[in-house]
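I have placed the structure first, in the form of structure tokens, so that the comments after it can refer back to it.
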Amino acid sequence: MISKNREYQSFETTETVLSVATTIAQADTQQASPEETSRTSTRFYGHYQDCMEMFASADKVAEYLQNHNSWFSRCAEPMKVEPLGENGYALVIGRFGSFGYEVEPKIGLELLCPENGIYRIRTIPIPGYQAPGYDVDYRASLQLVEGIQDCETPTNSAEMTHVEWELNLTVDIHFPKFIQRLPKPLIQSTGDRLLNQIVRQVSRRLTRKVQQDFHQSWDIPFPAK
């Protein structure tokens, strides 16, 4: 899922954000203890939106989405996924960091039943788990829009459904003291870029896997792009 937000689309760089180093970080790159982590957090926010093409009717797409226990864990790989009740999942996103400080985000997500044709996903607590130094607020919504596909697309159906989605993501990170000694604009810009990079990589991979899995489940050819 790749955002159509212009600012997000313009994020094209080969720079390795994860390996940024500074004199301050080099002097204090020891793992911070809980006592060294400030209660004051730095907030990073992103708004993303895009659509995903499914070459089938909206009814078929809705049936597939609602039966998420049959595809969510499989399509989320290589992220680690654990079920949380009937509609929830605990996900380990991966290990990310900068300035010698790393986190391995783990969040709980609940896939809510649709209301008025709108599907929503929100963060939920993970029983027995306390996030070490960060808080995530994930609020996504998607809706199905039927249309007619391009006649040149090699599928056996003229039907097409756009899964239009929108995501508001807020991450609060409680940085250790050696990170707080860095200039705040540098921390903010690096964090924003890293957040965009994570969302872009995860959403692209997840979109492609969901599309392939859906079309295979209905035996519908899926054009390679």
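The values are calculated or read from the model by the stated rules, or taken from the named source; none is laboratory data. Note that the structure is a prediction, hence the values are computed from the model and not measured. Using ideal geometry, Cβ is built from the backbone for each residue, glycine included, and neighbour counts are taken over all protein chains shown. The protein model used for the area step is the full one, side chains on, heavy atoms only, and it has no ligands, DNA or RNA in it. Shrake-Rupley method; radii C 1.70, N 1.55, O 1.52, S 1.80 Å.
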What pairs come out if I take residues in the stretch 204-225 that are within 20 Å of Trp165 (Cα to Cα) and pair them with residues that are in a helix (DSSP H, G or I) and open to solvent by less than 50 Å² (accessible area, probe 1.4 Å) whose C-beta lies under 6 Å away, six or more apart or interchain? Lys209/Cys75; Val210/Cys75; Asp213/Cys75; Phe214/Tyr64
Criterion first (buried (at least 16 other Cβ atoms within 10 Å of the Cβ) and modelled with pLDDT under 95) does Thr42 satisfy it? yes
Restricting attention to the stretch 70-81, does a residue exist that is open to solvent by 40 Å² or more (accessible area, probe 1.4 Å), free of Cβ contacts under 8 Å to residues at least 24 places away in the same chain and hydroxyl-bearing (Ser, Thr, Tyr)? yes
In the stretch 175-219, anything part of a loop (DSSP other than H, G, I, E, B) and open to solvent by less than 20 Å² (accessible area, probe 1.4 Å) is listed as Leu182
Having 1 or more residues that are within 17 Å of the chain's Cα centre (by Cα), within 30 Å of Gly147 (Cα to Cα) and of a type in the set (Gly, Ala, Ser) is the bar; report the strands (runs of 3 or more DSSP E) wholly within the stretch 57-115 that clear it. none
Does Gly133 meet the test of being over 22 Å from Arg205 (Cβ atoms) and surrounded by 18 or more Cβ atoms within 10 Å (Cβ to Cβ)? no
